[in-house]
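Report on one structure; see the data block that follows.
Just so it is clear, none of the values below were taken in a lab; they were calculated from the coordinates. Every value quoted in this text rests on a predicted model; they were computed, and no experiment measured them. Here the Cβ is made from the backbone with ideal geometry for all residues, glycine too, and neighbour counts use every protein chain on show.
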């Protein structure tokens, strides 16, 4: 045992444990022999490490030793323990030594007994143990307690109970995978004080440590345990099982020959009850009544592929006598897909036969899909009863066959070494992986660990303001290349120190630029974080990646930006950097600190980087799809702390989110106020890009439809996401630690609702409330103010409409400027642009550029940020009395601006030759098109022949009910109101024939738009199926007015002859002019 400063640290394991690990290592030998290195058809090219020699097995003298290995290949000595008489520890020793042949020397020391330190026992008295038996997390009987005992001190601290604990349960009634949990409690001593306080303090009982172990060993029979596990502190507990006069044996019972089948159909009430329970999609929320119903009606659940975990969770018991019926059900159930099989690997299902069957169903999973779910499978290793299991063998086999799986499995196992309860298991599994993959890959992992260690030290020195690149240069001088832990396909040969920097945040992440081994490839830019736990970001991005794959498989490409993020240990990891992207904050502050309240920053920025109509149209399309995907994903996962510094936009129009420090509804608080008030971030400047202006267009319909379709596609896979997140409940992420966190996703997906109800909910409750949220813009504005103190003095202001910076050296000195005329513009708002004639020295050709008055004002405002006002010419007033868009005003402003630019170009050189001035007068692509002075929004006008617009309906018929969802209207033509605004349209329906006019249904009114979205369901009940052919929908669109002033804007008649019962009829219907009698 090795002294660690707080007592003594135990490395010794019991004989029983040795036997289990020996059996595990025998499995490894079998696995290795199945993939010989000389057979390329079976082995992927890995080189096996030499086997342990037979003579080495007899080196030990039956004592535990401390082994320190010093080698020129190691930066730090390797220290671990080894039992010389154990095959197990010799194999682990060999693996941890990376099978090096040139060991310099071995340092062997004797061990001391482990004790409890004075620091731990001093504040406590009255120690006692609580013992309980569990199976799958459920208690098998009431916990049993020992008496309270005090600490005796000899050579070490010792608590002796010498007490038998007898559980009120027979051995043959215990499931094979029963667990024994022993918890050490003690009463805390009160601080010095009065007698009254002392009495109260003595009643405070605290848990000090605990250990959980299988009650039966991996072969059979109760086990004797001599081991301790650290939770709060280190203790050594000794539990002796009394010898028995009989031998306990477990054999796997065969499935029952007969499993009841029910030929009769379920009655309607039972069907409804069963469907309500199955809609829960996961067994976490099953009540006792739900379980009774599921087990009683289990034969009727087999049509539901994902229902098996719910049914098995409802089994009354798992004792040996009940297993035949359970195994019969398992055998009879149709083979689950590999995604459904994940639900059987949860801690609630410890039965080995069940887990073996689930792994068999997983065998069909492809390597790319396995990589998607690898974090959950690594967590599921905790729930295996013994070290050797079907899941362990499955993962090792797949790691041998695919280097990517081996790579990510290594880092996931290494990351989980920090788990105090399961660190010993993960150490053995990591050793097994290293044993299997061969020396070449072990050397590669060694280089990656070295690189991460160096980066961690560099990050600390940057935080301490003492950065140094010496260690990085030394690393690449020793290693010609190294694969990055982020992605094994990224092979780097060095680092570009000049391109590296850091971010101004609390953890000071490093921005690193590595040289690519591929000379034709770009540099590899990554972010290295030390001091931030990236496991939550990693899990969030994994869920978004799986959502994106579901959408693509369903034929819906949401243009999502998927980037990699990987944790390389607690508090450190790497994140991929996306090129050609800026944060929304950086884009918005180009329009001033209040840019978050303006509608045009995003559209102007996209126009700046996509100057042609074709480029801009493509960027807007990418924005619509990716924005819809982000809205759905962030809502389902409850991603909070959304401000404009963790939402990014690529120049190609793709929007994406970063930094997922808050999720599952754990919102950032500002005092007692939730900062995230909207369901997701969807602001008016995003809607401005989608609509092509400040009024709703038919393009907004496409956005809403995309959101609803994407949302409903994910809802179909509710059980998958609940299974994946449920397997991560024990991973240690603070915001995913109990069922309430999991319930957030269940509530967000609303699996009990129909698609139509979910569509209405997402439209009216989510999109509309997010778009109308002022809190989001206010949050952005507050963040802008907060980030001003981090702004670097070297950050020069830029013009919102100019994609690049230009200088006198790049463009040539300006000789003269003259505003020759003004031209009228209509988009995005009515006004005038001024044509400036630019003459440069040494250039014969005169350039003409078009700039608006607001753009001149932006130039002057940003010049004032970097130059004293005394050196700048005065700028014309922005405020005018009367009509500011008249031609007379434009003439007057042309003269005033001519005076301004003359003084500007004749000012001191630091003003006249400023980069901002030369960037302002540099020609843009829009200057070549007359009248295109400002960013041109897309006009989504209806196609020819649709004079009064169209209405989109989704019509269905089921169980004598007619469902009509009014979705959108586009291109509505209406008479202009007296105040020049658009109408407030709503839809009214009649189901003809209707002589009594009792079938009237109507939607709510949309505000001032010719392209409204409703997504409202109107229902007609008691409609016989035979009547459908004679029924006609009479639909009218009216403008909402005061009392009798409602005006019919268009109408259409839709016969229901085309409607097929059970199917959804979704189509656009053309609106025609209203008949004369229905005009008002």
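Can you tell me how segment 950-1078 classifies by the Cα gyration tensor, rounded, prolate or oblate, using a/c under 1.5 as the rounded cut? Verdict is prolate for segment 950-1078. Stokes-Einstein diffusion of segment 321-460 at 37 °C, 0.692 mPa s viscosity, Kirkwood radius from Cα pairs, rounded to a whole number: 200 µm²/s.
The C-alpha atoms of segment 594-662 occupy a region whose extents along the principal axes are 39, 27, 16 Å, arranged from largest to smallest. Taking 1.002 mPa s as the viscosity and 20 °C as the temperature, the Stokes-Einstein diffusion coefficient of segment 373-439 based on its alpha-carbon Kirkwood radius rounds to 182 µm²/s. Placing R0 at 45 angstrom, the Cβ-Cβ distance between residue 750 and residue 480 gives a FRET efficiency of 0.25 after rounding to 0.05. By the Cα gyration tensor, segment 577-790 has an equivalent ellipsoid whose semi-axes, rounded to whole angstrom, run 29, 22, 16 from largest to smallest. Extension gain, residue 270 to residue 996: 0.36 nm times the residue separation minus the Cα-Cα distance gives 257.5 nm. Based on the Kirkwood radius over alpha-carbon pairs, what value in µm²/s does the Stokes-Einstein equation return for the translational diffusion coefficient of segment 435-522 at 20 °C and 1.002 mPa s? Stokes-Einstein gives a translational diffusion coefficient of 153 µm²/s. The listed peptides 739-750, 655-666, ordered by packing as a protection proxy, come out as 655-666, 739-750 (highest mean of other Cβ atoms within 10 Å first). With bins 10 Å wide beginning at 0, the percent of Cα pairs of segment 808-928 falling in each bin runs 12, 46, 33, 9, 0. Averaging over all projection directions, the Cα-based convex hull of segment 465-577 occupies 8.7 nm² in the image plane.
A simple spin-label model places pseudo-atoms 7 Å from Cα toward Cβ; at residue 557 and residue 30 they are separated by 4.7 nm.
Fewest neighbouring Cβ atoms within 10 Å first, the residues 519, 330 line up as 519, 330. Taking only alpha carbon atoms, segment 620-660 gives an Rg to Rh ratio of 0.96, where Rh is the Kirkwood radius.
On the principal axes of its alpha carbon atoms, segment 254-334 extends 34, 29, 20 Å, with the longest extent given first.
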